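So the structure is just underneath, and the comments pick up after that.
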Amino acid sequence: MSSSRIMPEFELLMPQSISEAVEMLAKHKAQAAVMSGGTDVIVSMTKGFVAPYVISLAEIPDLDYVTYDKKAGLRIGAMATLQQVADTPEVKENYPALWKSAAINGTPQTRNMATVVGNVLRASPSGDCGCAIMATGGSVVLEGPKGKREVSIDDFFIDYRVTARKPEEFAVEVNLPPMENGTCTAFARMTRTTLDLSKVNAAVRLDMSGKTCKEARVVMGAVAPTTLRLKKTEALLKGSAITEEVLAKVAATVPTEISPIDDVRSSAEYRRQVSGVLVKRVIEEACK
Amino acid sequence: MKKRAITLYINGEEFNLNVPVHYTLLQVIRDQLNLMDVKYGCGRGECGACTVLVDDDKIVCHDTDKTTKYCEAKRGGRKAILACMTLAATMDGKRLTTVAGLDQDGKLHPVQEAFVEESAIQCGFCTPGMVLKGVAILEKNPKPTEQEIRKELEGNICRCTGYVKIVKAVEVARDRMATAKK
């Protein structure tokens, strides 16, 4: 039985260091839910999700960093909140897709609690930060008993709410590459109401040389079991100038690459209908 | 039932508690401490009725020499969080403010005063969260525009739909606090 107010009992573990957290996870593996901001874990627990152990990262010092370096790029620690990322001027300037996905996420209060890394790790197909990060490119740093490893965001989302993270690993940070001149990113989403989860979202990264697009990454969310790269659409953009003609081809190709479903937030038919237009708009915004 | 010993500072008062680890901060504040000014609305982060302010403190340590370390609490602003989505056991040592702790020397906070004067209250259920969020807005940005105030109040729902007066009240408080500073 689940109640909206009362959570089932569990054992709470409060590691004081990353190595202690790794030990605890190695011991309890999939029996443990890792909690950063708590906005996902606590709400799912009031709805019947049960984990015998909850490992909170709240008392591990110095995990709440957002650091930017022109040559090294952006690093976001596991406890850095959406609001911290939204309040970092270097993010707004250099990573507009990520900035927007954090700044419009949830409510002002939940942005003070929820973390970017947690948003990625939840691996919801409609996750906004995951969509923006996949378009921008980057990696998730995982730490386990055998040490650290870095997984490209392209290989991170495996299936509906399944990631490349092994049960004994925890995500320490997300890295984004430095942005070259001519690289632009953008993110957009559609919701039923302002504070809703996305019914569809999309993000792009375009590496421009003058008017020609050298490389493109086009990503959509809530149109497949995972956040999805649209490779045919990317191929259309690569080597082309962003003209009305190319954008019309893009808008026609996007719906052929996605496999949306009917759910409470939208229908498969609607999602397919709007997907091309949404991607077209995100490309236009990135090129501004 | 698993419990954890924690200390909370609520409105300046110290509470040494033994909290069940699966209790939310809201359960502890309302059911254990009987502080009823923090409201339970939706339980899922949509309504803002259970908003509390938490001091955004950081312990910053400097090495003075090789053997000793000097640590100090660096005081950040107060930020608004939701008590219904926070585990109480993870809040050890935190300083919290609820609406009952906003007054200073028996005088209402300018945001509270403005809510009274502008009649920005109908049934009153959302009021504690609205007032606290209003305070958080003005502590972070003393000069928000009306649009910025509306945007920042997005996470607080008023079922009486008295938003116009609530936004006005925050604007009145903004202007009064700016004048008081001069």
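The values are calculated or read from the model by the stated rules, or taken from the named source; none is laboratory data. Quick caveat: nothing in here was measured; it's all calculated off a predicted structure. No Cβ is skipped: glycine too gets one built from the backbone with ideal geometry, and neighbour counts run over all protein chains shown.
Here are some notes:
- Tabulated pairs, the range B:33-46, first within 14 Å of chain A (Cβ to nearest Cβ), second of a type in the set (Phe, Trp, Tyr) and assigned to a loop (DSSP other than H, G, I, E, B), C-beta under 8 angstrom, 6+ apart or interchain: B:39/B:125; B:41/B:125
- Filter result for the condition that a residue is in contact with a strand residue (DSSP E or B) (Cβ under 9 Å, 6 or more places away or on another chain) and on the phi < 0 side of the Ramachandran plot, over B:173, B:83, B:169, B:120: B:83
- The set of residues in the range A:7-35 that are facing chain B (nearest Cβ under 8 Å) and closer than 29 Å to residue A:126 by Cβ comprises A:7, A:8, A:10, A:12, A:35.
- Checked against (1) at the interface with chain B (Cβ under 8 Å from one of its Cβ atoms); (2) at negative phi, residue A:38 meets all criteria but (2).
- If you go through the range A:139-160 and keep only what is outside any strand (DSSP E or B), surrounded by fewer than 12 Cβ atoms within 10 Å (Cβ to Cβ) and among the acidic types (Asp, Glu), you end up with just A:155.
- Hey, residue A:277 over 23 Å from the mean Cα position of the chain (by Cα), surrounded by fewer than 17 Cβ atoms within 10 Å (Cβ to Cβ) and not assigned by TED's automatic domain parsing to the domain that holds residue A:155 or not: no
- Of all residues in the range B:113-147, those satisfying the criterion of being over 18 Å from the mean Cα position of the chain (by Cα), polar (S, T, N, Q) and in a loop (DSSP other than H, G, I, E, B) are B:119, B:122, B:145.
- Subset tally (residues that are of a type in the set (Val, Ile, Thr) and closer than 19 Å to residue A:119 by Cβ) for the range A:1-45: 5
- Among (1) touching a strand residue (DSSP E or B) at 6+ places or on another chain (Cβ under 7 Å); (2) at pLDDT 95 or above; (3) more than 14 Å from every other protein chain (Cβ to nearest Cβ), the one test that residue A:126 misses: (2)
- Odd one out for residue B:102, checked against (1) within 10 Å of another protein chain (Cβ to nearest Cβ); (2) at pLDDT 95 or above: (1)
- Within the option set B:108, B:96, being closer than 30 Å to residue A:16 by Cβ, hydrophobic (A, V, I, L, M, F, W, C) and modelled with pLDDT of 95 or more holds for one residue only, B:96.
- The set of residues from the range A:181-208 being modelled with pLDDT of 95 or more, surrounded by fewer than 22 Cβ atoms within 10 Å (Cβ to Cβ) and among the hydroxyl-bearing types (Ser, Thr, Tyr) comprises just one member, A:183.
- For the range A:53-94, a residue qualifies if it is within 12 Å of chain B (Cβ to nearest Cβ) and of a type in the set (Asp, Glu), and the qualifying residues are A:59, A:62, A:64, A:87.
- Within the range A:167-180, the set of residues being buried (at least 16 other Cβ atoms within 10 Å of the Cβ) and more than 22 Å from residue A:99 (Cα to Cα) comprises A:168, A:169, A:170.
- Of all residues making up the range A:161-186, the number that are over 21 Å from residue A:237 (Cα atoms) and either among the basic types (Lys, Arg) or in a strand (DSSP E or B) (or both): 12
- Residue A:44 vs. criteria outside any loop (DSSP other than H, G, I, E, B), within 11 Å of chain B (Cβ to nearest Cβ), without any contact (Cβ under 8 Å) to a residue 24 or more places away in the chain and not β-branched (Val, Ile, Thr): yes
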